[in-house]
1. What's the total number of residues in region 33-67 that are under 24 Å from residue 12 (Cα atoms) and more than 12 Å from the chain's Cα centre (by Cα)?
2. Please count how many residues of region 28-42 are farther than 15 Å from residue 87 by Cβ, touching a strand residue (DSSP E or B) at 6+ places or on another chain (Cβ under 7 Å) and in a loop (DSSP other than H, G, I, E, B).
3. Taking region 54-78 only, how many residues are surrounded by fewer than 18 Cβ atoms within 10 Å (Cβ to Cβ) and part of a loop (DSSP other than H, G, I, E, B)?
4. Does any residue of region 19-26 turn out to be at negative phi, in a loop (DSSP other than H, G, I, E, B) and either surrounded by fewer than 16 Cβ atoms within 10 Å (Cβ to Cβ) or touching a strand residue (DSSP E or B) at 6+ places or on another chain (Cβ under 6 Å) (or both)?
5. Given the structure, is residue 82 buried (at least 18 other Cβ atoms within 10 Å of the Cβ) and in a loop (DSSP other than H, G, I, E, B)?
6. Hey, residue 92 hits all of (1) touching a helix residue (DSSP H, G or I) at 6+ places or on another chain (Cβ under 9 Å); (2) in a helix (DSSP H, G or I); (3) without any contact (Cβ under 8 Å) to a residue 40 or more places away in the chain; (4) surrounded by 15 or more Cβ atoms within 10 Å (Cβ to Cβ) but one; which does it fall short on?
7. Would you point out which residue out of 68, 12 is free of Cβ contacts under 8 Å to residues at least 12 places away in the same chain and closer than 16 Å to residue 100 by Cα?
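No value in this document is a laboratory result; all are computed from the given coordinates. Just so we're clear, the structure is a prediction, and the values are computed from it rather than from any experiment. When we count neighbours, we look across all protein chains shown, and the Cβ atoms used for this are built from the backbone with ideal geometry, even at glycine.
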């Protein structure tokens, strides 16, 4: 499995993958949008959530631009036996490729 996936290829499979938004908390909080059905996971707290991820299901992660954050998280997941890839270009690449966005769920203040 390749460590990355192009935004257009991701769009074709996103309905059958577990999608994780691994933007840093400040980036996530500053944004109003997300990939539909993505779950935000604090990358600084990976030890708390990595054990709950399925090893039998494909996982795709993204950060703002597909840089070190999503690449490092995807590599860490693969090291744990999880089928993980990151979106090339991150959320920005996904948007540029015409990917549909969802409004981020509001949270209590």
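1. Restricting attention to region 33-67, the residues satisfying the condition of being under 24 Å from residue 12 (Cα atoms) are 33-41, 53-67.
Keeping just the survivors that are more than 12 Å from the chain's Cα centre (by Cα) gives 33, 53-57.
Of the residues in that region, 6 qualify.
2. 1
3. Looking only at that region, the number is 7.
4. Yes, some residue in region 19-26 is at negative phi, in a loop (DSSP other than H, G, I, E, B) and either surrounded by fewer than 16 Cβ atoms within 10 Å (Cβ to Cβ) or touching a strand residue (DSSP E or B) at 6+ places or on another chain (Cβ under 6 Å) (or both).
5. yes
6. That leaves (1) as the condition not met.
7. The match here is 12.
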